[in-house]
Amino acid sequence: MNVLLVEDDDLSREYVLAGLHGAGHSTDHAIDGIDGLALALRAAYDAIILDRMLPGMDGLALLKALRAAEIHTPVLFLTAIGGLDDRVDGLEAGADDYLVKPFAFSELAARLAAIGRRPALQTEQVRLTVADLEMDLVRRRVVRAGQPIDLLPKEFALLEYFIRSQGRVLSKTMLLERVWDFHFDPQTSVVETHISRLRGKIDKPFGQPLLHTIKNVGYCLRAPE
Amino acid sequence: MWDIAFVPLNKLLKSTHLRFAIALTAVFAVIYLLVGWFAFLAVDTELRERVSQADLVTSSGFAEIYRNSGRSALVEAVRSSSERNAPDDSFAWLGTRNGERLAGPALTAPGALQTGDVPGRNLLPELDEGYHIQVTDLDDLRLITGVSHEESDEILGLVSLAFGAAALLTLLLASLAGLALARQGQRRIDAASGMLDRVAAGELTRRLPVSGSGDDIDQLSTRINSTLDQLHATVEGIRQVSADIAHDLRTPINRLGIHLERLSDSVGVDHAIGPQLELARTEVRQIITTFDALLRIAQIEAGARRARFQPVDLSGIAESLVDVYAAVAEENGQTLQLESEGDAPARILGDRDLLVQLIANLIENAIRHSGAGAIIRVLTRAEPDHVVLRVSDTGPGIPVDDHARVLTRFHRLDQSRHTPGSGLGLALVKAVSDLHNAELTLLDAEPGLAVELRLARLRQESPTPETKSVET
């Protein structure tokens, strides 16, 4: 992916750029909002990572200007810690996802992968499959190796998100936001509990696991190699 | 002017302006009636005086005829006078002193009459008006003349009618003018109170209109506006300070996290300091969690989120959260139950994200502190005007004396020091509750703790007034 990073803090910028290069992405970067907007308007990127607070031009204003110029490059919005309204402001201005600073690179990578490939998702699909696991979105049925699996509505939503993002790592916060609409850090093991229950239904009886834990990052559903 | 009827009556009755108008109209009416009564008396006295004068003149005329022309001329004059005039206007009677009639109408009891006012029926049975009579003795003759008060009564009647109509019209006009003034004043007050509601709802830049007339309402509005300016500046200040803190601290915290992650990556997990680095990273995450919670509470308390309030079904949120946490409770050996009372939906005006966090915090608190085997109940009750949310558990509870302290920032009970958490859970619950103008109480669930939240229920928007009247 060709990624533009607009970030004024040197250490954060180096950290993210190093991570992006390590993951095989090519990058451009700007250290203030005005340069950032100029770059975003000139070249076609696969994704833009945009800090909320920037010298010269605020990240939110940059994002609005970009969308006003009919440029729909996926944008990952970096918001300040404790910025209660930043998320809503960012999404309203046209951001595709947001991430609260400070963050681990793995979290950023997971979210970047999700928004970068979003257009390729076939949202109209009726039947989703991973290996021998099949999901029928119309009849709300799940079958693995020919055996029907009974899922609760939230388990179904969780599995659907995994299948649609198969092969990609989903972080705990991504799951919390997307599946449960939680925009805070729970103090109990909500995600772990529900993942473990889902595993009990789709993996345990079949020997070959599909849902994997990626330590310190999140979870990934993928077909066995 | 007639659309005054559309202002609710009970509200109008509380209007200072209307009360003033009513009082003024009442005083006006009393003065008018008193003045009218005196005028009436004066006119009445004057008219009666004129009637008795006219009677005296007639009587003197007859007396002169008697003195100049003698007895038979008087008899003739009285007779011809009686023929000219009907007795219901005026009459003249002539007889002897012992009551024998010589001329004029056949009076019932001429001997008993004396000068003054008498009712007509005492003179002749068919007369019903009041009369003034003049009794004059001329040698052995008695002359009685009488004049009816009918005409003066008619004049008085006309005067009263004109006066009454004028009074009625004046009162009517005064009342309407009063209502119009009251309504105008009420409008300004309504506009002001509506504006203050919007300020309370988070629109801090709203100001009261100032008409420029410099009247008392204007002066009050100007003062309220300058108070609002100060409030706005203070709230902006708080917001700016928290934004500054966030900005100044997030960068170093961010950098610390990055340094630790790099260090951890470069030494590898098997290195001797690996576990210590992992601990340091956990501490950084804890700092971030606490910091985030503190900033959130500060921003919630600033109240600006009210501008984003929308109708929310509280029972729906409770249901979906019980759905999420039932599994977590079960893993802990606890039971999480959902109960709901009253007619759904239990709708309120609020911030969905914050309410989700509030209920989630309460459920998580119960899960973390009530121990294995506990039953946790989440109840929503829709009352006519309120929605009540109650999360209770059968755990050890909190001593009643500590209930107030529990809701303050950072406070954690000594006995729960060993359980994880930033200690800000209930403080955030309190902040979100205050933001929604809700009543938050901690109760003894005997055994266990119950946290009850009471919010104003959102009225169903009804398209027709009929359904509204059925509801209320």
Exercise. Going by alpha carbons, how many degrees (0 to 90, nearest 10) lie between the helix axis of B:274-302 and the longest principal axis of chain B?
Worked result: 10
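Express the C-alpha Rg of segment B:69-119 as a ratio against the empirical globular expectation 2.2 N^0.38 Å, rounded to two decimals.
My calculation over the Cα atoms of segment B:69-119 gives 1.15.
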Exercise. For segment B:25-106, max minus min Cα coordinate along each principal axis, in Å, sorted largest first?
Worked result: 66, 26, 25
For this session: Decide, for segment B:301-359, between rounded, prolate and oblate: order the square roots of the alpha carbon gyration tensor eigenvalues as a ≥ b ≥ c, take rounded if a/c falls under 1.5, and otherwise choose prolate if a/b is larger than b/c, else oblate.
Result: oblate
Exercise. So how long is each side of the protein assembly as shown along the principal axes, counting just the alpha-carbon atoms, biggest first, in Å?
Worked result: 160, 58, 54
Exercise. Separation of segment A:34-100 and segment B:168-193 by C-alpha centroid, Å?
Worked result: 55
For this session: Go ahead and estimate [θ] at 222 nm for chain B from helices alone: -39,500 (n - 2.57) per DSSP H run with n ≥ 4, summed, over the residue count, rounded to 500.
Result: -19500 deg cm²/dmol
Problem set entry | Charge dipole (segment B:271-412, unit charges on Cβ, about Cα centre) - positive-most of B:His369, B:Leu354, B:Pro396 | B:Leu354
Problem set entry | Calculated on alpha-carbon atoms, Rg and Dmax of segment A:176-225 in Å | 12.3, 36
Exercise. If we count trypsin sites (Lys or Arg not before Pro) as exposed when they sit in a DSSP loop and have at most 11 other beta carbons within 10 Å, what is the longest stretch of chain B that avoids them all?
Worked result: B:15-416
Problem set entry | Over segment A:1-157: Rg over Rh, Cα atoms, Kirkwood Rh | 1.08
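What number results when the radius of gyration of segment B:1-145, computed over Cα atoms, is divided by 2.2 N^0.38 Å?
Normalised by 2.2 N^0.38 Å, the Cα Rg of segment B:1-145 equals 1.84.
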For this session: Show the residues, 5+ positions off or on another chain, whose built amide H is closer than 5 Å to the amide H of A:Arg141.
Result: A:Asp136
For this session: State the percent of C-alpha pairs, over all pairs in segment B:215-339, separated by a distance greater than 18 angstrom.
Result: 75
Exercise. Roughly how big is the protein assembly as shown's charge dipole about its Cα centre, with Cβ charges of +1 (Lys, Arg) and -1 (Asp, Glu), in debye to the nearest 20?
Worked result: 2000
For this session: Report the charge-dipole magnitude of chain B in Debye, nearest 20, computed about the Cα centre from +1 at each Lys and Arg Cβ and -1 at each Asp and Glu Cβ.
Result: 1460
Exercise. What order do you get for A:Arg139, A:Arg13, A:Arg111 when you list them from fewest to most C-beta neighbours inside 10 Å?
Worked result: A:Arg139, A:Arg13, A:Arg111
Problem set entry | Dipole of segment B:124-177, positive end: most advanced residue of B:Leu141, B:Ser152, B:Leu169 [Cβ charges, Cα centre] | B:Leu169
Exercise. Listing B:Phe309, B:Phe40 from the residue with the fewest other Cβ atoms within 10 Å to the one with the most, what is the order?
Worked result: B:Phe40, B:Phe309
Seminar exercise, completed: Using the Cα gyration tensor of segment B:103-145, the equivalent ellipsoid's semi-axes, largest first and to the nearest Å, work out to 18, 11, 8
Exercise. When the convex hull of the Cα atoms of chain B is projected onto a plane and the area is averaged over all directions, what value comes out in nm²?
Worked result: 42.2
Exercise. Please state the Cα pair-distance histogram of segment A:1-80 with 10 angstrom bins from zero: what percent is in each bin?
Worked result: 20, 59, 21, 1
Exercise. Over chain B, what is the relative contact order in whole percent, taking alpha-carbon pairs under 8 Å and six or more residues apart?
Worked result: 10
Exercise. Amide H neighbours of A:Val100 under 5 Å, counting only residues 5+ apart in sequence or on other chains, H built in-plane at 1.01 Å?
Worked result: A:Thr79
Exercise. Relative to the longest principal axis of chain A, what angle (0 to 90°, nearest 10) does the C-alpha long axis of helix A:153-164 take?
Worked result: 60
Problem set entry | Inter-label distance, nm, simple model (7 Å from Cα along the C-beta direction), B:Asn437/B:Glu278 | 5.2
For this session: Determine the relative contact order of chain A: mean sequence separation of Cα pairs under 8 Å and six or more apart, normalised by residue count, in whole percent.
Result: 13
Exercise. Charges only on Cβ, +1 for Lys and Arg, -1 for Asp and Glu: so what's the dipole of segment A:1-74 about the Cα centre, in debye to the nearest 20?
Worked result: 300
Seminar exercise, completed: Helix A:59-68 sits off the longest principal axis of the Cα atoms of chain A, rounded to the nearest 10 on a 0 to 90 degree scale, by 80
Exercise. For segment B:231-282, what is the per residue volume of the convex hull drawn over the alpha-carbon atoms, in cubic angstrom?
Worked result: 59
Exercise. Would you list A:Asp86, B:Asp190 from fewest to most Cβ contacts within 10 Å?
Worked result: B:Asp190, A:Asp86
Exercise. With point charges of +1 on the Cβ of Lys and Arg and -1 on the Cβ of Asp and Glu, referenced to the Cα centre of segment B:42-146, which listed residue (B:Phe91, B:Gly70, B:Ala54) lies farthest in the positive direction of the dipole?
Worked result: B:Gly70
Problem set entry | Of A:Lys154/A:Lys201; A:Lys101/A:Lys215; A:Lys172/B:Lys430; A:Lys101/A:Lys172; A:Lys101/B:Lys430; A:Lys101/A:Lys154, pairs whose Cα-Cα distance is over 22 Å | A:Lys172/B:Lys430; A:Lys101/B:Lys430; A:Lys101/A:Lys154
Seminar exercise, completed: Expressed in nanometres to one decimal, the distance between label points 7 Å along Cα→Cβ at A:Asp181 and A:Ala131 is 3.3
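Every read-out reported here was derived from the displayed coordinates using simple, explicitly stated rules and does not represent laboratory data. Note that the coordinates shown come from a computational prediction; the quantities given were computed from them, not determined experimentally. Positions of Cβ are generated from backbone atoms using ideal geometry, with glycine treated the same way; all protein chains shown enter the neighbour counts.
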